[in-house]
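I have placed the structure first, in the form of structure tokens, so that the comments after it can refer back to it.
What follows draws every value from the coordinates through simple rules; no lab data is involved. Worth saying up front: this structure is predicted, and the values here are computed from it rather than measured. Cβ coordinates were reconstructed from backbone atoms using ideal geometry, including for glycine residues, and neighbour counts include every protein chain displayed.
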Amino acid sequence: MGRIVLNRDKCKACYLCVDACPKKVLAQDTAVNVLGYYPVKVNKEEDCIGCAMCARVCPDIAIEKVYK
Ligand code: SF4
Ligand code: SF4
């Protein structure tokens with residue numbers, strides 16, 4: 001089981017990671033970040049397989065670590 005470390009204040013809400021995740025782990029948060037965007041949140045952490053697809057597609061390096 002994997003786990004990601006997400007820096008919500010770097011997220012610019014493009015949601016590329018939401019589409020890239022094969023397990024639908026990520027979802028839009030309901031509170032804005034310091035940039036004024038609705039960032040992603042880790043919605044179903046228990047389903048994460050640590051594939052790192054989310055980190056690979058993020059243009060803002062907001063997903064900082066993926067544990068396998
Ligand atoms: S890909 Fe990066 S910037 Fe885009 S929504 Fe996901 S975490 Fe945020
Ligand atoms: S590591 Fe893979 S399974 Fe986990 S959130 Fe990222 S894309 Fe989804």
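Brief remarks on what is shown
- Residue satisfying all of: in the range 15-52; over 15 Å from V66 (Cβ atoms) and of a type in the set (G, A, S); farthest from ligand 2 (Cβ to nearest atom) among these: G36
Yes or no, residue by residue, for (1) touching a residue at least 24 places away in the same chain (Cβ under 8 Å); (2) near ligand 1 (Cβ under 9 Å from one of its atoms); (3) of a type in the set (D, E, K, R):
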residue: L16; (1), (2), (3): yes, yes, no
residue: K23; (1), (2), (3): yes, no, yes
residue: T30; (1), (2), (3): no, no, no
residue: Y37; (1), (2), (3): yes, yes, no
residue: K41; (1), (2), (3): yes, no, yes
residue: C51; (1), (2), (3): yes, no, no
residue: C58; (1), (2), (3): yes, yes, no
residue: I63; (1), (2), (3): yes, yes, no
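- Restricting attention to the range 28-68, the residues being of a type in the set (G, A, S) and at negative phi number 3.
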